[in-house]
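The values are calculated or read from the model by the stated rules, or taken from the named source; none is laboratory data. Being a predicted model, the structure only gives us computed values, none of them experimental. When we count neighbours, we look across all protein chains shown, and the Cβ atoms used for this are built from the backbone with ideal geometry, even at glycine. Note: areas computed on protein heavy atoms with side chains; ligands, DNA, RNA excluded. Shrake-Rupley method; radii C 1.70, N 1.55, O 1.52, S 1.80 Å.
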Amino acid sequence: MKIFRIWILFCLALLICRWHCHANNLHINNVQVSGNNNISFNISWENSWALDSSTAPFNHDAVWIFIKFRAANGNWAPLLLSTDGALHQSDSLAIETVSDGAGVFLKRKHQGSGTIQNANVNLKWSGYLSSGTFDFKVFGIEMVWVPQGSFYVGDGVSYETLSRGDKIMPYFIQSENSIKVGKDSSSMLDTGSFAPGGNIPQAFPKGYHGFYCMKYEISQDQYVDFLNCLTYNQQTTHVTTSPDAAPGSFAFGANMANRNGIVIQSSGTNNNLPAVFTCNADANTIYNDPEDGQTRACNFMNWNDLAAYLQWASLRPMTELEFEKICRGSNKPVAHEFAWGTPYAIDANTPEYDGTDSQRVKEVPGADTGLASYGYTAPTGPQRTGFAANKNTNRLQSGASYYGAMEMSGNLWEMCIVLTKAGLNFTGITGDGTMPGDGFANTTGWPAKDCNGAGYKGGAWNSGIAGQFRDLAVSDRFYITLLPGDRRNTSGGRGVR
Amino acid sequence: MIVHKLHKYLMQLLITALLICFSMSTSAQSAYHGGKGDGYASAEISNIVLNINSVSNKFQSINLYPNPIKTSENLKINISNPMPYYLEISDLPGRMLFFKNYATENASLPLSGFQAGTYIVRIYNAEFNYFQKLIIVNP
C-alpha cells in the first residue's frame, strides 16, 4: 500500500506540475551591468513557437526588448544597442538586431515550440556612458511575426469596407507598390463615402512586407511603467488627474472608471518631481496586490497617449491595411468575419479570478464562434489581455487573429493609421525611444496632436455585432474617420515594428 | 504478488503519463495558446557605478565648452563625425529644460535663459550616448 500511495502522489504531482506550465508568463530578471557597455538578464516565457516552415499560420513569436537608463537624478532615456548582432550573446535564444539600435527581438533559435526557461541574454550598448551612477530598466513585449505575403482587404459587405474599384469585392494586395484610388479593377475604393483620401503612396505600409505585431493590447501595468519613466510635465499629458493629486487618486477620473485601476502611489510635485503610478483595481489600501488589474488592457488612452507610448517603446502604429492582414492572414475574406475568421461570436461576460494575471471567463464558444469581450454587458470595461487563451485553445476559442494576436476584435478599440488624406502621410517610421519635454510624440509622418490621420478599428467591450453595427468585424470602417482625441473608456491599442 | 502486479501496472501508467506530458510539451504549441499574464515584463537595476577613465570611443569625440560657463555665453558643442543628434539639458532634480535635435551642425546654444547652477547635458543618437555635468555661473 505504501508503494501504491507513493505512485499515486507522484502521478498527482506530475499532473499538478503540468497544470501550472501553460501560461505565457513572460518574466525578466537578474539584470546585471558589467564592463563599460554590457547589460545582461534572464528571460522566460511559455508557449513560444517558431513554425515558419511547417505549420499554419507559418510564423513565430518573439519578445521585443528595449532598455532605458538614467543618470543619478536624471531623466530616463533610451539605451541604444549595438546593431552588430555578433556582439550580443544568448545561451539559447536567437537575437535579431534592428537598424536603429532601438532594441532587439529575442526568439527561438530553432524551429519548434515550448517553454523558454531562464535564457541568459547579454547585450552590448552602442557608444558609451560617461563615468557616473546609473539606473537601468529592461522592458519586454511579446510579439507575433506577420510574414511577407499577399492578402485581401475588405469583405464585400461590412460598413464602408474597402473594395476593388470596378466592383464590390475584396481588394488583393500583392506588393508595397502604390495603390490608385479609382474605378478600375486595379484601383481601390470603399463601399460608402470613406474612400482613401488619395492614391496610397509606396511608402505607406500596406502590410505586404513582414512585420512584428504586439500579441496583446497595451496593459495597465505596461502603461504604468511608461508613466513612471516620464517627467512631471510629460505625465500631465498622459493622465487625466494631475500628477500632484493625493496618493490613491485614480489616473483617469475621480473614481475608478470602467475597470481602469491605475492610481497615484506617491504624489508628484508640480513641474518638478514626477508622480509614481501603480495599480489598485480593487481600490483597497494595498497597492499592486495580485488582484489589482495589472494585466487588464489599458483603456482611456487617446491617440496622443498611444502615439507617445509607441514612440517611447520604439514601435509604431499599425495601418488599417496591416490591421486586416494581422486578422485575416492569407485567407480569403468571409462576409462580416471577426478576427478569428467567422462572423459568429460569444460574449465573454462572466470573469473568474478577476483582477489577477489568470483572469478568464466561464463562456465556452461553439464550433464556429469566437470568444470575445463585447456586447454592452458586464464587465463594463476591458478584460485581461489574452483572457481567452489557454493551453488547449484553438483560434476561435482564444479569439485570436490568424497570426495569433489576441483581442483584435473586441475588448478595446485599436487606434490605427487610416486611409484619410492626413493618414496617407504616414511612412512607417518607428519611434526613436525619446520623449519630448511636452510628452507628445513627434515622429515624422505620424498623426499630430489633432489626431488627424488616426481612427478606430476592431470594436470594444461595449460594441454590438448586430445588423449594420458590427464593430468587431475585421473590415468594418464605421469609426475610421472619428478622430481619436478623447480618452474613451473603450479605446486602447498596440504597436508594430 | 498483488503488490508486484500493482507496481508493474502503475509503472506502465507512469510511463504513459510521461509520454503524454512529453508529447504535450514538445508538440507544436500553436499561435493560439496562452495563459497567465499580459505578454509583458520589466526589470530594473539601480545605482550602477560606471567608472570610465579612458574611453576608446570608435564613434565620436565630443567637445562641450566652456565649462564652467557664464549665463552670458554660448555653449558650444563639437562632434567629430557630423551626424544628427539630440541635445538635452536637465537640472539635477531631473527636469528637462531644453531639448533640440540637430542635423549635422555643431551647436552654439545661448544660456541666457538659464539660472546659475549645475545641470546635466546629454548628447545622443543611435550611435552614442554622452553625458556631461555643466556648471553655469553668473557673469
Review point. Does region A:207-216 include one or more residues that are touching a Ser or Thr at 6+ places or on another chain (Cβ under 6 Å) and surrounded by 22 or more Cβ atoms within 10 Å (Cβ to Cβ)?
Key: yes
Practice item. Hey, can you tell me all the residues within region A:32-79 that are among the aliphatic types (A, V, I, L, M), at the interface with chain B (Cβ under 7 Å from one of its Cβ atoms) and open to solvent by 10 Å² or more (accessible area, probe 1.4 Å)? Key: A:Val33, A:Leu51, A:Ala71
Exercise for review: Kindly indicate whether A:Ser131 is within 14 Å of chain B (Cβ to nearest Cβ), open to solvent by 20 Å² or more (accessible area, probe 1.4 Å), over 16 Å from A:Gly329 (Cβ atoms) and touching a strand residue (DSSP E or B) at 6+ places or on another chain (Cβ under 8 Å).
Suggested key: yes
Exercise for review: Within region A:312-345, track down each residue that is β-branched (Val, Ile, Thr), crowded, with 19+ Cβ neighbours inside 10 Å and either in contact with a Ser or Thr (Cβ under 8 Å, 6 or more places away or on another chain) or under 21 Å from A:Ser219 (Cβ atoms) (or both).
Suggested key: A:Ile326
**Study point:** Answer from A:Phe252, A:Phe211 - the residue that is among the aromatic types (Phe, Trp, Tyr) and touching a helix residue (DSSP H, G or I) at 6+ places or on another chain (Cβ under 9 Å)
**Key:** A:Phe211
Practice item. Can you tell me which residue among A:Ser113, A:Ser187 is within 12 Å of chain B (Cβ to nearest Cβ) and either among the small types (Gly, Ala, Ser) or open to solvent by less than 20 Å² (accessible area, probe 1.4 Å) (or both)? Key: A:Ser113
Review point. Do we find that A:Ala246 is of a type outside the set (Ser, Thr, Tyr), open to solvent by 50 Å² or more (accessible area, probe 1.4 Å) and at pLDDT 95 or above in this structure?
Key: yes
Review point. Does region A:358-365 contain at least one residue that is at pLDDT 95 or above and not in a loop (DSSP other than H, G, I, E, B)?
Key: yes
Point to revise | Given (1) of a type outside the set (Val, Ile, Thr); (2) in contact with a strand residue (DSSP E or B) (Cβ under 9 Å, 6 or more places away or on another chain); (3) assigned to a loop (DSSP other than H, G, I, E, B), number of the condition A:Ala203 does not satisfy | key: (2)
Study note, to complete from the structure: Pairs returned, first residue in region A:213-231 that is in contact (Cβ under 8 Å) with a residue 12 or more places away in the chain, second residue that is of a type in the set (Gly, Ala, Ser) and assigned to a helix (DSSP H, G or I), beta-carbon separation under 9 angstrom, 6 or more apart or interchain, are A:Phe226/A:Ala308; A:Leu230/A:Ala308
Point to revise | Exclusive hit being more than 14 Å from chain B (Cβ to nearest Cβ) and either surrounded by fewer than 19 Cβ atoms within 10 Å (Cβ to Cβ) or touching a residue at least 40 places away in the same chain (Cβ under 8 Å) (or both), set A:Leu396, A:Leu412, A:Leu419 | key: A:Leu419
Study note, to complete from the structure: All-but-one check, A:Ser463 against (1) within 17 Å of A:Cys327 (Cα to Cα); (2) part of a loop (DSSP other than H, G, I, E, B), failing number (1)
**Study point:** Options B:Pro82, B:Pro110, B:Pro66, B:Pro139; residue that is more than 14 Å from every other protein chain (Cβ to nearest Cβ) and either closer than 14 Å to A:Asn75 by Cα or at pLDDT below 85 (or both)
**Key:** B:Pro82
Study note, to complete from the structure: Picked from region A:286-299 (must be in contact (Cβ under 8 Å) with a residue 24 or more places away in the chain and more than 15 Å from the chain's Cα centre (by Cα)), the residue nearest to A:Thr490 (Cα to Cα) is A:Gly293
Revision key, fill the gap. The condition of being more than 10 Å from every other protein chain (Cβ to nearest Cβ), in contact with a helix residue (DSSP H, G or I) (Cβ under 8 Å, 6 or more places away or on another chain) and more than 30 Å from A:Gly197 (Cβ to Cβ) holds, among A:Pro379, A:Pro365, A:Pro351, only for A:Pro365
